[in-house]
Each structure stands twice: as C-alpha cells, then as structure tokens.
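> Please find one structure pasted underneath; my questions will follow.
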Amino acid sequence: MHYRPEEIEAKWRKHWNESGLYRIQEDSSKPKYYVLDMFPYPSGAGLHVGHPLGYIASDIFSRYQRMKGFNVLHPMGFDAFGLPAEEYAIQTGIHPAKSTEQNMETYRRQLRDLGFSFDWDREVQTCAPEYYKWTQWIFTQLFDHVYDQEADKAVHVSNLVAHLEQHGTDSLPYACEEELTFTASEWQGYSPKEKSDVLMNYRLAYRKIGYVNWCEELGTVLANDQVKDGLSERGGHPVIQKPMTQWYLRITAYAQRLLDGLEDLEWSDALKTMQRNWIGRSEGAQVFFDIDGSEEKIEIFTTRPDTIFGATYMVLAPEHELVQRLTTDEQRASVEEYVSKVMSKSEIERMAEREVSGVWLGAYAINPMTDERIPIWIGEYVLKDYGTGAIMAVPSDDDRDHNFAEKFDLPIIQVIDKSAHPNATRSDKVGKLINSGFLNGLEVKEAISKACEVIEERQRGKAQINYRMRDANFSRQRYWGEPFPIVYDTNGIPSALSVEHLPVELPATDNFKPAKDESPLARMQEWVNELPGYTRETDVMPAVAGSSWYYLRYMDPANNDALASDAAIKYWKDVDLYVGGAEHAVAHLLYARFWHKFLYDMGKLPTQEPFKKLINQGMIQGVIEFIHLDKRQEEGMRRFVSAELAEREGAEHFVKIPVHVSFVSDYGSDQSYLSEQGIKEFSAWRKEYTHATFEGVDSSAEMKDGSLVAITPDFKMTTSSEVGKMSKRLFNVINPDDVISQYGTDCFRMYEMFLGPIEQSKPWDTNGIDGVYKFLKKFWRLFVDDHGLIASSEEASAEELKILHTCIKKINGDVEKFSFNTCISALMICTNSLRDLTKLSQSTKEDLTKLIAPFAPHLADELWSILGHQSSVHLESFPSHEESYLTEDSIEYPLCINGKKRAMASFPADMQKSDLEKAALTHDGLSKWLEGSTVRKVIVVPGRMINIVVG
RNA sequence: GCCGAAGUGGUGGAAUUGGUAGACACGUUGGAUUCAAAAUCCAAUGCUAGCAAUAGCGUGAGGGUUCGAGUCCCUCCUUCGGUACCA
C-alpha cells in the first residue's frame with residue numbers, strides 16, 4: 001500500500017463533513033477556547049498561497065486544543081464588501097453581489113480542500129442583509145450615543161439633551177468636535193435644525209467636512225491605493241484633495257481606554273507599540289495666538305509650551321480655514337498657487353517630502369508672551385487633521401521648524417541652554433531656560449508646568465492632553481457597502497432608523513458608475529425617497545464596518561433578534577487566539593477594539609477587549625512586475641518604455657503600472673520583460689492603453705485600437721520587479737490548488753509550516769516541498785508496507801520510547817509557542833530515528849498518529865483506521881511525554897579555550913562542578929592549548945559547557 | 001519623513017533565550033539499486049588553505065560590554081509592513 005494523498009484526503013473530508021465532526025455547540029462541561037482567523041476578502045483571483053499560512057497555523061492549534069480537552073470554536077466567513085468587486089463591476093457590468101458570490105464559492109471550495117476544521121454552519125458574510133442588519137444597528141447606536149468623559153463611557157444622546165435643556169453648555173462632560181458655548185435658554189430657542197446641528201457635534205457617529213481624493217475626470221473619490229504620484233491609477237488622471245461632508249466615528253473619545261486596554265493583552269510588544277504610537281497621546285498646552293489687525297485667533301497645540309518665547313513665526317496647514325481670510329492681496333497669487341500645488345498631493349507624499357516649502361500669508365500673529373509680531377506662513381509639513389492644523393514654530397528646539405527657518409531666513413532665538421547636556425539633540429527635553437522672561441533659569445520640566453500655569457492665568461489657553469489619532473472617516477461615495485440606516489427629513493435633519501426598519505437593503509442596480517459629485521446610490525431616486533417625507537443617506541459604509549464585530553456574530557450567526565444571543569456571548573465571551581496579518585496592526589484591530597468597548601458600555605458584552613491573544617502571521621509575498629508609463633504624454637498615444645530607458649530618462653517622468661505576472665517573461669528575475677505576446681495580452685487586458693507605443697532599448701512596438709501595427713524583430717521591453725504583497729490589485733497571486741493537486745493537502749499544510757516561523761514574511765517558493773513529501777512517505781512506511789499494516793512488537797523498547805517521547809516533549813512545547821516549523825523538524829527527526837528500529841509497538845504507532853494529527857489530519861485519520869480504530873483520531877487526547885524515558889547517563893561537553901571550542905568530552909550526567917573542572921584541565925585534547933600559558937579561570941556550566949581562560 | 005519588523009551556508013531555516021553556529025530540509029556532488037528512467041537507499045557538502053591531520057575566517061556593516069555575543073548596547077545600511085478610502 002502506497003501513500004496516495006489524492007485518495008485518502010477526499011475520502012476523509014467527505015467523512016468529516018458527513019459526520020459533522022467539526023460542528024460545535026456551547027458545552028458547559030468543557031472549557032471554551034475561541035480561535036479566530038482574520039477572515040478573507042473574497043477576491044476574484046481566489047485564495048492565494050499567502051492566506052493559508054495563518055489558517056493552517058490556527059487550524060493546527062485548534063485541533064491541538066481540541067485534543068487537549070477544550071471546546072474549540074473555529075469559524076470562517078467572508079469580508080465581502082469592498083472596492084475590488086465594485087471596480088470589477090464598473091469594468092465588466094457584472095453585479096458585485098454576483099461576482100462576490102462566485103468568489104466566495106471558490107474560496108469555500110479552496111478552504112475545504114485545505115482540510116480545515118472550520119464549523120461551516122457558522123459562516124458569516126458581511127454583505128448578507130441578515131448580517132449587515134446588525135452592522136447598521138450598531139451604527140444607529142453610535143449615532144444615538146455620546147461620550148460622557150466624567151463617567152468615562154458612552155451614554156444615550158438624551159442625557160446630552162437633558163443637560164442642554166437645563167444648563168446649556170455649562171460644564172458639559174461630553175466629547176465633542178468643537179467647543180460650543182450657549183445657555184439653556186439659547187438652546188431652547190434654537191430651531192429643530194439648529195438643535196440637530198448642535199447634537200451632531202457630540203454624537204459618536206457624526207457628520208463633518210473631510211478631505212477626499214477627488215478625481216474630476218473619473219467623477220469620483222479614489223482610495224489612496226488608487227492614486228499614484230498624484231494621478232489616478234486607472235487612466236492616469238489628476239487627483240486633488242477636495243472637501244466633502246462625511247460621516248465620522250468618534251474613536252478619539254475612546255483614545256485613553258484603547259491605550260489602557262493594551263496593558264493586559266497577550267500581543268507582541270511591537271504591535272502594542274504600534275497601537276500606542278498610532279493613538280499618540282501627548283501632554284502639552286492649547287494656546288491661542290492673536291492676529292495683528294484681526295479679531296480672529298489661531299489655536300495651536302504644543303507639547304513644548306516652555307519654548308513659547310522662542311516662537312518666532314507660525315505655520316498653518318495650507319487647507320486651514322483662516323488661510324483665505326488672512327492672506328494679503330500682495331501675497332494672494334503665490335499663496336493660491338502653493339495651496340493648489342499641495343492639494344494635489346497625498347498626505348503620505350506631503351509627509352515624505354524632504355524639501356522644505358512654504359509661503360508667507362503677509363499677515364502677522366502676536367506672540368502672547370513677548371508681544372512680538374511674528375509672521376504667519378503656510379507649509380505642507382503642517383497637516384490639517386493633526387492637532388489644530390496650526391503650529392507655533394520654535395526653530396531653536398524643533399528640527400523641522402529649524403529647517404524651515406533656515407530656508408526662509410526667519411529669526412531663531414535660543415531659549416534653552418543645553419551646555420550641561422553635551423549629547424542632547426535639538427528636540428530633547430533637557431536644559432535650562434534662557435531669553436524667556438519669567439521662565440528663565442527653570443529646567444525644561446518645571447518650565448512646561450509654569451508656562452501652562454501662566455497661559456491659563458492670562459486666559460491664552462490651558463494645559464491639554466492631545467491624541468494624534470483622528471476620528472475615522474466612515475463615509476464612502478460608493479455602491480458596494482452597507483447603506484447607512486439614516487434618513488433626513490425635509491429640514492435636512494438626520495435620524496437613525498429603528499431596528500424594525502433594518503436592514504436597509506442595498507438597492508439593486510446595473511449602473512455602478514459614480515454619479516457626478518455624488519454616491520452611486522443618489523441616482524436611485526425611488527430608493528432614496530422610499531419613506532414618505534424623508535430622503536435616505538446615499539453614502540455607504542467602509543469595509544472596516546463589517547469586520548469590526550464579525551467575531552461576535554460567529555457566536556450565534558443566525559440570530560435575527562440580536563447581534564448574538566446573551567447566552568452565546570456569555571459562553572464564548574471573547575477570542576482566545578486571533579491569528580492574522582501584521583498589516584491590520586492599527587486600522588482593523590483598533591476599530592474592532594473601539595466597537596467592542598462601545599458595546600460593553602451598552603451592556604451588551606461582558607468583556608472590555610475582544611482579542612486576548614494575538615499572533616501576527618507573516619506574509620507570503622509575491623513578485624510584483626511593473627511597466628513604465630510616460631507621465632509627460634497624457635493625451636492620445638500613451639508611451640511605455642523599458643526599465644532601462646525609464647532609468648535613463650529620469651524615473652520621475654514615469655508612473656509604474658503593475659502588470660499581470662502571467663504576461664511577463666522570466667518573471668521575478670532581474671531580466672523580466674514583456675515580449676510581443678506580453679504586450680498583446682497587456683493591451684487586451686487594460687483597454688485604456690490600446691493606443692500606445694512600447695519602447696525597449698533596441699526594439700519597439702506600436703499598438704492602435706488594440707492591434708499591433710508595427711513591431712521590430714526580437715521585441716523586448718524590460719519590466720521592473722519588486723518583492724511585495726501578494727494581491728489581486730498587483731496581479732501576482734499564486735493559487736494553492738496546483739500545489740495541492742500535485743502533493744496533496746497534508747503536504748501543502750506541512751510545507752507552509754515548514755517554511756519558517758509563521759510571523760516571518762517570505763516570497764513564495766516551492767523549493768523544498770519535495771522534502772516534506774518524502775517525509776510523509778517515510779512516515780507512512782513506518783506503519784504500512786507493500787503487504788499492508790506492518791506487524792507490531794509486543795512492547796516498546798527503551799530506545800523507541802526515548803525517541804518517541806523526545807518528540808512528544810518537543811511538539812507540546814513548540815505548539816504552545818506557535819513554533820510549527822520546528823515541530824515538523826522534530827517529526828522528521830523522530831521518523832528518521834524510528835526507521836532504524838526493526839519493529840514498533842502498537843502504542844508507539846498510535847502516539848505517532850495522534851502527534852501528526854493536527855498537522856496532517858487526513859493522513860492521521862487514515863492511519864488511525866488502518867491501526868484498527870472505528871472513530872476519528874481527532875477525538876483522541878494529545879500525548880504527553882514521560883520524563884523518565886528521556887534521562888541520559890552522560891553528557892557531551894564542549895571544552896573551550898577562551899570561548900573557542902577546542903575539544904569534546906563525555907562526562908557522567910551527575911558529575912560535580914569541581915570534578916568537571918579537573919577532568920577538563922587534564923583532558924588530552926587540550927594539552928597543546930594549555931602548554932606554556934597560565935590558566936586564569938575555569939568556567940563550568942553544568943550540563944552545558946566548560947571554558948578555560950588562559951593568558 | 002514617521003511608527004513597527006527582519007537581515008545567519010548556494011536556498012528555506014535551527015540555535016535550550018548570553019554557553020558546541022548551521023539542527024531539519026532543499027539543492028549540488030559521488031555511490032548503490034535498475035536494461036534504462038522514476039522512486040528508493042548510502043555518503044559528502046559554510047568559506048579559504050592543505051593529500052591529510054589541522055588551522056584561519058565566519059550570523060547585513062562598523063564599534064562596544066563579557067571568560068564567552070547570531071542573541072545585550074550604540075551608530076549605520078538594505079528589505080518588508082503600516083501611514084487613516086486595498087483589505
């Protein structure tokens with residue numbers, strides 16, 4: 001009998017499926033354990049080889065925990081709303097619901113083929129109305145709640161209204177966008193619309209103006225991802241930053257709790273640090289600066305109020321609302337030119353810009369401490385959404401301010417004497433204050449609190465805690481997402497729909513193109529005006545909405561009366577182990593924590609944190625191939641050139657367009673290129689480039705209306721290759737199906753684990769998969785030969801037990817550490833050693849089968865049945881090792897001279913330190929190293945090594 | 001730019017967390033088996049010098065701490081992830 005994965009794997013999957021082996025119920029007799037995978041976006045390219053890395057790891061752990069006696073919840077579903085399906089619909093006219101359903105079907109099949117122990121009865125899809133009913137419901141609750149900063153929790157908006165009725169804004173404890181001041185009687189006099197606008201300022205889900213990537217040509221908002229070098233990735237049209245009213249979620253109200261909650265989580269320090277830095281708590285001062293000749297004030301936040309005497313100019317973000325009003329006529333032309341230049345850049349480009357740039361508005365502010373007139377500038381290094389969008393610039397103690405002042409010749413006043421700290425850099429918070437009036441002589445720390453005191457005393461501001469994190473833009477002017485459960489009355493007053501009106505289903509359409517200046521839904525007038533007297537919100541929610549709470553839905557996926565029943569939530573509580581990519585480190589993981597805390601505040605959940613333990617799997621990377629499009633030639637004939645030509649003419653003139661790796665010859669190498677066939681495939685694929693020339697170093701081709709009109713012989717246009725994400729958007733997806741059909745699922749699973757630690761990223765490569773396949777065959781042959789099951793010995797030998805239990809010990813330890821690659825090495829070593837023995841006992845064979853069961857589940861169940869069992873090996877308990885089988889009589893010691901190994905010697909395991917020292921000094925192999933030198937010291941680490949220091 | 005991570009043979013990686021660097025595999029070379037091939041098995045394999053015993057060098061680069069550094073500290077380089085509308 002040979003090892004035939006294609007036969008046994010299909011058989012066992014069918015069997016598991018029919019017997020419902022992985023179906024799970026709440027069971028109070030067993031401890032619960034919830035293993036969650038980050039669910040996939042069902043892309044059209046199918047599951048790629050990177051997805052399973054985490055899924056295999058979590059499946060191994062789930063199976064292991066089950067065998068350790070836990071009731072394990074291990075579900076899977078789909079993050080099914082998103083941009084790619086919509087883009088695909090725009091290009092092909094195929095409805096996103098249809099393509100998404102097809103893609104999910106493919107994913108389901110592929111996931112089943114991987115032999116995962118998912119309970120498929122619990123599958124969720126974020127695009128299903130039964131699911132997004134509850135996404136919408138959570139949104140209505142966010143809309144109806146405000147954040148009470150004194151109670152430190154979310155409370156119903158009626159509390160705010162009651163407060164305003166009685167006290168106006170006096171000592172109002174609710175988190176808000178803008179500090180408002182009015183009395184109770186003023187509030188009572190407001191119109192319903194005015195009241196609504198005021199409440200909007202406090203709601204956890206609220207509307208305000210935000211900046212979006214606007215592409216006039218395409219008439220739509222683009223994702224950052226779809227913008228390259230200020231041009232749209234599709235078509236290469238200009239993109240600007242445009243203000244638009246958007247829904248936001250007030251995650252900033254939860255900033256401190258999100259920070260504090262990290263303490264007790266079993267997440268990597270790196271991940272916690274990333275979240276802490278993203279939240280970015282800083283203590284400092286809010287300060288108002290007067291403007292010379294104007295009633296307006298500039299509000300700034302600074303962490304260094306001590307340096308205020310050194311503030312010699314101010315910088316506003318170019319999109320700051322005061323810019324228009326403060327600009328003088330002489331400066332207007334250059335200011336406008338600068339603003340429009342900056343608005344064509346993305347935030348990342350602005351932050352990454354090394355060259356210092358800015359323009360003076362012509363206006364002056366007054367330094368509140370020195371009463372000096374200081375010029376007001378705008379500069380791209382100040383971002384609108386960070387802090388207040390304005391800074392006081394202190395060139396003496398801030399690097400970027402310093403560079404700016406040097407470039408524009410602005411005054412620099414030294415305000416801190418750092419002579420006592422010779423190694424301190426410009427921004428270090430050390431030294432004694434100078435040139436700073438009442439602060440002179442104070443240390444920085446004292447000066448900060450003194451400055452805050454005086455600022456407050458003079459009513460120029462106050463001490464303040466600031467967070468770098470911003471509220472989340474929750475609007476998308478798109479089709480394929482959750483509609484908002486919001487309607488507007490004839491006065492434009494928004495209200496949330498109650499749960500009996502949910503879900504608000506996404507209306508059917510066959511036109512997914514953006515409506516000029518509006519969301520695609522705005523075109524569907526019948527739907528918009530469905531409720532008499534009201535119009536519907538036409539934005540949709542972002543993909544992050546559905547993924548912020550899906551882990552709760554798995555607990556009770558079919559519930560139509562609540563997001564999940566109280567009983568299910570009480571039993572499963574939270575996720576014990578969450579496995580997913582590091583690319584979600586801040587966005588998804590912060591939003592989900594935020595929603596979880598909000599639902600906790602509402603009394604819906606018993607825990608404050610959703611994910612107790614988290615492992616980041618590394619990414620299996622792909623090779624991305626780019627071709628170079630000339631930016632200078634935007635109209636008519638597009639011009640593509642080879643990598644060398646782009647380099648020669650200057651890379652800044654070219655946009656790198658990712659191409660499908662299957663079009664590229666010698667893909668992944670330094671010499672990858674598009675051949676004649678390649679450019680034909682390319683232009684058939686990207687219709688917007690059917691009019692184009694393709695230039696290689698000494699060959700060229702021309703395409704008109706998609707057909708080749710001219711080409712030189714041996715055409716070759718080189719592409720540039722990069723290692724990066726495997727993603728449909730980059731057209732470099734490698735699918736696991738082929739690997740599985742060749743080697744089988746068990747082999748694929750083990751190979752992905754064998755590649756290295758799961759948290760490490762590496763490019764996909766099948767070198768070495770043969771080794772794993774050979775191992776499985778060898779393992780199989782420990783049990784079965786040409787005549788069937790090999791006869792077993794009566795009793796296990798001592799050597800057999802030692803080999804087996806060494807492996808059991810290693811695997812138990814390594815699985816707990818999620819070190820699966822070394823588990824597989826241990827199984828290989830164990831198999832190689834056992835092969836040298838003539839006969840194995842039945843109990844050894846059974847233990848081996850259980851050991852490999854989490855890794856190669858099909859193989860294990862086949863061997864288990866060959867060993868004579870009726871039920872599944874996956875219902876057995878995992879073996880634990882017996883220490884007494886492992887004892888050694890002697891230990892091999894390395895003998896070192898000055899830390900270098902010079903000889904080996906075997907000594908009894910129980911030999912004392914002093915005896916080891918003596919034995920080492922008289923060891924034959926060391927005599928030539930000890931001759932003629934004095935022994936200074938001997939270091940003996942029992943069980944480890946012996947080191948002799950000579951001099 | 002900022003935040004986080006990773007750099008070890010020809011390749012993927014291992015190293016009890018400061019104690020024998022290169023486990024386990026892939027690849028390569030040689031051999032066995034075979035009419036032949038596949039499959040399987042055995043042996044060698046970090047680099048340099050040497051017939052060999054052996055010696056020197058060696059964990060991205062440079063410096064430091066230590067009896068001893070892949071592991072700890074400092075500076076730098078490269079690659080990857082995130083950077084708020086990919087998911």
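> So what J values fall out for the stretch A:699-707 if you push phi through Karplus, 6.51 cos²θ - 1.76 cosθ + 1.60 with θ = phi - 60°, rounded to Hz, Gly and Pro as x?
Using θ = phi - 60°, the values come out as 7, 7, 8, 9, 10, 10, 6, x, 10 Hz.
> Tell me, what does the Kirkwood hydrodynamic radius of the stretch A:285-409 come to in angstroms if you use every pair of distinct C-alpha atoms?
14.5
> Counting alpha carbon pairs within less than 8 Å and at least 6 residues apart, what relative contact order, in whole percent, applies to chain A?
Relative contact order, chain A: 13 percent.
> At 1.002 mPa s and 20 °C, plugging the Kirkwood radius over alpha-carbon pairs of the stretch A:889-928 into Stokes-Einstein gives what diffusion coefficient in µm²/s?
The diffusion coefficient I find is 206 µm²/s.
> How large is the Kirkwood hydrodynamic radius of the stretch A:832-951, counting all unique pairs of alpha carbons, in Å?
Its Kirkwood hydrodynamic radius stands at 18.2 Å.
> Against the longest alpha carbon principal axis of chain A, how many degrees, from 0 to 90 and to the nearest 10, is the axis of helix A:157-167 turned?
30
> For A:Trp549, A:Trp278, A:Trp764, what's the largest-to-smallest order of accessible area, 1.4 Å probe?
From most accessible down to least: A:Trp278, A:Trp764, A:Trp549.
> Sticking with this structure for a sec: What angle, in degrees between 0 and 90 and rounded to the nearest 10, separates the Cα long axis of helix A:676-685 from the longest principal axis of the Cα atoms of chain A?
It works out to around 60 degrees.
> Report the accessible area of A:Val579, computed with a 1.4 Å probe over the heavy atoms of all protein chains in place, in Å² rounded to the nearest 10.
That residue has around 10 Å² of solvent-accessible surface.
> Measure up A:Lys802/A:Lys845; A:Lys516/A:Lys704; A:Lys297/A:Lys341; A:Lys228/A:Lys728; A:Lys68/A:Lys810; A:Lys228/A:Lys341 against 19 Å on the Cα-Cα distance and list the ones that go over.
Checking Cα-Cα distances, A:Lys516/A:Lys704; A:Lys297/A:Lys341 exceed 19 Å.
> Along the charge dipole of chain A, which of A:Ser28, A:Gly580, A:Gly943 sits closest to the positive end, that is, farthest toward it, with unit charges on the beta carbon of Lys, Arg, Asp and Glu (+1, +1, -1, -1)?
So the residue we want is A:Gly943.
> Of the heavy-atom accessible surface of chain A (probe 1.4 angstrom), what whole percent is carbon and sulfur?
With neighbouring chains kept in place, the figure for chain A is 48 percent.
> A further question follows. Can you give the accessible area per residue of the stretch A:118-232, in Å², using a 1.4 Å probe?
Computed with neighbouring chains in place, this is 42 Å² per residue.
> What list of ³J(HN,Hα) values in whole Hz, one per residue of the stretch A:187-204 in order, does the Karplus curve 6.51 cos²θ - 1.76 cosθ + 1.60 (θ = phi - 60°) give from phi, with Gly and Pro shown as x?
With the stated coefficients, the stretch A:187-204 comes to 4, 5, x, 5, 6, x, 5, 4, 4, 4, 5, 5, 4, 4, 5, 10, 4, 6 Hz.
> What's log10 of I(q)/I(0) for chain A at q = 0.04, 0.05, 0.08, 0.10 Å⁻¹, Debye sum over Cα points only, no solvent?
At q = 0.04, 0.05, 0.08, 0.10 Å⁻¹ the computed log10 ratios are -0.26, -0.41, -1.00, -1.32.
> If the only charges are +1 at each Lys and Arg Cβ and -1 at each Asp and Glu Cβ, what is the size of the charge dipole of the stretch A:681-786 around the Cα centre, to the nearest 20 debye?
340
> How large is the accessible surface per residue of the stretch A:551-632, computed with a 1.4 Å probe and reported in Å² as a whole number?
Roughly 31 Å² per residue, with all protein chains present.
> Next up: Divide, for the stretch A:144-207, the radius of gyration over alpha carbons by 2.2 N^0.38 Å, where N is the residue count.
Relative to the rule-of-thumb radius for its length, the stretch A:144-207 sits at 1.00.
> May I ask for the Kirkwood hydrodynamic radius of the stretch A:1-160, worked out over all distinct Cα pairs and given in angstroms to one decimal?
Evaluated on the stretch A:1-160, it is 18.8 Å.
> Then there's this: Which order do peptides A:329-336, A:381-388, A:137-144 fall in by mean Cβ count within 10 Å, highest first?
So the peptides A:329-336, A:381-388, A:137-144, ranked by packing, come out A:137-144, A:381-388, A:329-336.
> In the stretch A:54-205, with Lys and Arg counted as +1 and Asp and Glu as -1 at Cβ, which of these residues, A:Ala89, A:Ala175, A:Ile138, has the Cα nearest the positive end of the dipole, that is, farthest along it?
A:Ala89
> Now a separate question. As an exercise, identify the GluC sites (Glu not before Pro) in the stretch A:439-544 lying in DSSP coil whose Cβ has no more than 15 other Cβ atoms within 10 Å.
Within the stretch A:439-544, the qualifying GluC sites (Glu not before Pro) (loop, at most 15 other Cβ atoms within 10 Å) are A:Glu505, A:Glu530.
> Placing unit charges on C-beta atoms (Lys and Arg positive, Asp and Glu negative, everything else neutral), compute the dipole magnitude of the stretch A:864-951 about its Cα centre in debye, rounded to 20.
Value, rounded to 20: 760 debye.
> Also, I was wondering about something else. Which listed residue (A:Phe878, A:Phe663, A:Leu614) has the Cα farthest towards the positive end of the charge dipole for chain A, taking +1 on Lys and Arg C-beta and -1 on Asp and Glu C-beta about the Cα centre?
A:Phe878
> Nearest-5 percent of antiparallel DSSP beta bridges in chain A?
80
> What net charge is computed for the residues neighbouring A:Val394, neighbours being all others with C-beta under 9 Å from the C-beta of A:Val394, Lys and Arg scored +1, Asp and Glu -1?
So the surrounding residues net to -2.
> A follow-up question, please. Calculate the dipole size of chain A relative to its Cα centre from +1 charges on Lys and Arg beta carbons and -1 charges on Asp and Glu beta carbons; express the result in debye to the nearest 20.
Using only the charged Cβ atoms, the result is roughly 1820 debye.
> Could you state the accessible area per residue of the stretch A:238-329 in Å², with a 1.4 Å probe and every protein chain left in place?
Using a 1.4 Å probe on heavy atoms only, each residue of the stretch A:238-329 averages 39 Å².
> Taking Cβ-Cβ under 4.7 Å as the only way to count a partner, pick out the unpartnered cysteines of chain A.
A:Cys127, A:Cys176, A:Cys215, A:Cys452, A:Cys747, A:Cys823, A:Cys896 - these cysteines have no disulfide-compatible partner (Cβ-Cβ under 4.7 Å) in chain A.
> So for the stretch A:438-533, averaging the separation of alpha carbon pairs under 8 Å that are six or more residues apart and normalising by length, what relative contact order in percent results?
Reported as a whole number, the value is 20 percent.
> Moving to a separate point now. I'd like the accessible area for A:Met619: 1.4 Å probe, protein heavy atoms, all chains in place, Å² to the nearest 10.
Here the residue's solvent-accessible area equals roughly 60 Å².
> Could you work out Rg/(2.2 N^0.38 Å) for the stretch A:740-870, with Rg from alpha carbons only?
Normalised Cα radius of gyration, the stretch A:740-870: 1.05.
> Treating the angle as unsigned and between 0 and 90°, give the value, to the nearest 10°, between the Cα long axis of helix A:820-835 and the longest Cα principal axis of chain A.
10
> Accessible area of A:His923, 1.4 Å probe, to the nearest 10 Å²?
50
The values are calculated or read from the model by the stated rules, or taken from the named source; none is laboratory data. Computed from a predicted structure; not experimentally measured. So basically every Cβ, Gly included, is an ideal-geometry build from the backbone, and we count neighbours across all protein chains shown. The protein model used for the area step is the full one, side chains on, heavy atoms only, and it has no ligands, DNA or RNA in it. Shrake-Rupley method; radii C 1.70, N 1.55, O 1.52, S 1.80 Å.
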